[in-house]
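Accompanying notes for the structure given below.
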């Protein structure tokens with residue numbers, strides 16, 4: 001199989017501006033409401049939950065938040081980690097302390113970070129806050145805040161973590177375990193509130209601009225499945241589709257991910273379906289940029305499924321269009337040439353097997369060729385009857401179209417007709433078990 005002629009993509013930090021919640025005002029509106037909310041700091045001080053010194057620091061902060069965070073940002077971050085003892089040694093009740101911590105962060109977070117060129121008077125420059133602080137304390141604090149039972153604190157903390165991580169960049173990233181953050185994001189991708197899903201994807205989009213986080217997120221249980229479902233379930237929202245696929249694009253700069261993502265998650269059929277119906281050019285661009293990464297970094301794993309899913313035909317069709325974005329035309333040309341270069345090296349059975357695995361069955365020539373079945377029927381029983389089982393699942397799947405059902409049933413019939421008796425018996429027993437399990441379920 002020929003190798004792509006273009007140099008391999010590099011796993012680099014993608015130089016982008018912060019993309020967290022730029023178009024979605026859900027979090028901004030909450031921040032504005034929080035800024036207007038009065039917090040009874042004097043009452044906390046009288047109840048010995050904070051000291052006079054802390055109260056003075058808080059009032060000073062309210063006057064000049066940018067200056068205070070620049071000069072003493074770590075002091076504010078450390079307040080979230082205060083123990084059940086206050087600074088003058090008196091004991092704070094756990095309930096009151098929890099209420100204080102929540103109130104403190106609801107008050108502080110709207111000020112802690114804004115856009116690079118502040119969109120709110122008093123919001124500081126990101127780098128001015130980050131530079132003097134202990135990154136493990138700073139980033140660790142925001143990860144801990146994800147445990148708060150408060151949607152606003154969770155979303156704002158994750159946003160701040162992502163933005164600071166992007167501006168700090170490597171090699172000075174903190175040695176903070178991000179598994180809790182990625183698990184939190186994985187859950188938020190399935191939230192019933194679409195605003196939360198939208199913001200979670202944008203936070204992820206920012207985080208994955210940093211190479212150190214790509215494989216860690218990819219390996220988080222359920223993460224990629226939930227991201228794919230968010231793209232599938234929001235077909236009427238091109239911006240969310242773009243951002244979700246953008247996240248996959250950044251991950252495919254990692255060779256290990258480029259080699260595995262189709263095998264584990266069947267993303268090529270998804271990309272093809274979205275590209276066919278996409279209204280926005282940027283959605284098409286990010287899809288074919290992702291495919292190009294996969295083809296460049298892992299051709300052996302991806303060329304056959306790409307051909308089996310008829311990606312070559314799609315690139316030929318789309319290449320005939322006029323694109324205002326020249327990058328789309330360039331990527332389409334590259335992918336089309338690489339697939340065309342390799343199609344002649346594939347056997348007819350390779351093409352057939354790839355088509356069956358894709359689930360996109362059509363009356364392509366192998367299905368209707370008696371010669372094909374005489375020669376290859378027994379091969380459907382290879383790898384523990386893999387292809388026979390796939391055909392069985394397609395027949396049973398409620399979502400299968402009439403065309404897919406007809407072709408799958410035809411192929412099983414051809415297998416029964418031409419496969420050797422021993423292999424046929426084992427495969428049909430496997431399909432029988434599959435059908436029995438489906439009936440019980």
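Details
- The stretch between residue 28 and residue 417, if pulled fully straight at 0.36 nm per residue, gains 133.5 nm over its current Cα-Cα span.
- Using the average count of surrounding beta-carbon atoms within 10 Å as a protection proxy, the listed peptides 35-46, 258-269, 198-209 rank, highest first, as 198-209, 258-269, 35-46.
- Treating r as the C-beta distance of residue 341 and residue 190 and R0 as 41 Å, the FRET efficiency rounds to 0.50.
- The stretch 246-386 shape via C-alpha gyration tensor axes, a/c threshold 1.5: prolate
- Residues of the stretch 263-307 with amide N under 17 Å of the 7 Å Cα→Cβ point at residue 237: 279-280, 283
- If the segment from residue 219 to residue 396 were pulled out straight at 0.36 nm per residue, it would be longer than the present Cα-Cα gap by 60.6 nm.
- Packing here is the average count of other Cβ atoms within 10 Å per residue, and on that basis the peptides 292-298, 316-322, highest first, run 292-298, 316-322.
- Euclidean distance of C-alpha centroids, the stretch 218-261 and the stretch 323-401, integer Å: 23 Å
Each value in this text was obtained by applying a stated rule to the coordinates, not by laboratory testing. Since we're looking at a predicted model, the values are computed, not measured. Because the Cβ atoms are built from the backbone with ideal geometry, glycine has one as well, and the counts that use them run over all protein chains shown.
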